[in-house]
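Engineer: Starting off with a structure, shown below.
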Amino acid sequence: MVELCGWVAGAVGGSAFRRWGVSPLWSGALVGLLWTVAPRPLPMALAWFGVLLAAIDLEHRRLPDVLTLPLYPVVAVLCAHEWRKALIGCAAFGGVHLVTRLVNPRAMGGGDVKLAGALGAALAVHDWFALVWATGLASAVTLAISVVTRRREAPHGPGLLAVTWWVTAL
């Protein structure tokens, strides 16, 4: 049943963002699969937002505010049981990405910085060390995307989203 609900949720999200190049069929299938693998609230929310955001970032190299900003209250509610850790993780992970952006603006976009805060909250609630190794692993995923797509500069959002989903799903 959860896979069917995930498929419907992903397809509805894909339909809503079709103008951004998101396929309702693919987004439905991916969200359904991810919900089946980790049928818990936080990974399910990250899967829904993540599939849509990754598709848009891969296609347009943008992470629209209409998806990144609502992720904050969703993560806040789902991590409220450990709100101090979530707040610290948000500030730390978001802060590291902000400093990286300020030092080298070509390294990542502003959307990546906005996304990093919400993802940092989710990572910190799971495990403090996840904040550290998720940074490196997300960069490795971004590098892999660059190699596969043969782009010199690949979007960083899909790597951040994939690693955060994986950490929270385990």
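Engineer: So, in nm, how far is label VAL147 from label VAL132 when the simple model puts each one 7 Å beyond its Cα toward the Cβ?
Structural biologist: Using points 7 Å along Cα→Cβ, the separation is 2.5 nm.
Engineer: Once you keep just the Cα pairs under 8 angstrom separated by 6 or more residues, what percentage relative contact order results for the chain?
Structural biologist: The normalised contact order for the chain reaches 21 percent.
Engineer: Can you pull the one-decimal nm distance between simple spin-label points at LEU58 and ALA16, each 7 Å off the Cα toward Cβ?
Structural biologist: Distance between the two pseudo-spin positions: 2.1 nm.
Engineer: Using the per-residue mean of other Cβ atoms lying within 10 Å as a proxy for protection, in what order, highest first, do the peptides 6-13, 74-81 fall?
Structural biologist: 6-13, 74-81
Engineer: When only C-alpha pairs under 8 Å and at least 6 residues apart count, what is the relative contact order of region 129-170, in percent?
Structural biologist: 45 percent
Engineer: Of all accessible surface on the chain at a 1.4 Å probe, what whole percent is carbon and sulfur?
Structural biologist: Heavy-atom surface of the chain belonging to carbon and sulfur, 1.4 Å probe: 70 percent.
Engineer: Another question about this same structure. Grab the beta carbon distance between ALA80 and MET1, set R0 = 30 Å, and tell me the FRET efficiency rounded to 0.05.
Structural biologist: 0.70
Engineer: Oh, and also: Select one label from (1) 17.1, 54; (2) 20.2, 69; (3) 14.9, 47: the one whose number is Rg and Dmax of the Cα atoms in Å as derived from the coordinates shown.
Structural biologist: (3)
Engineer: Here's a follow-up. Can you tell me how region 1-76 classifies by the Cα gyration tensor, rounded, prolate or oblate, using a/c under 1.5 as the rounded cut?
Structural biologist: Note, shape of region 1-76 comes out oblate.
Engineer: Under a 1.4 Å probe, what is the accessible area of the chain per residue, stated in Å²?
Structural biologist: Accessible surface, normalised per residue, equals 51 Å².
The values are calculated or read from the model by the stated rules, or taken from the named source; none is laboratory data. As the structure is a prediction and not an experimental result, all values here were calculated from the model. Neighbour counts run over all protein chains shown; Cβ positions are idealised from the backbone, glycine included. Accessible surface is based on the protein model in full, side chains and every heavy atom, while ligands, DNA and RNA are left aside. Shrake-Rupley method; radii C 1.70, N 1.55, O 1.52, S 1.80 Å.
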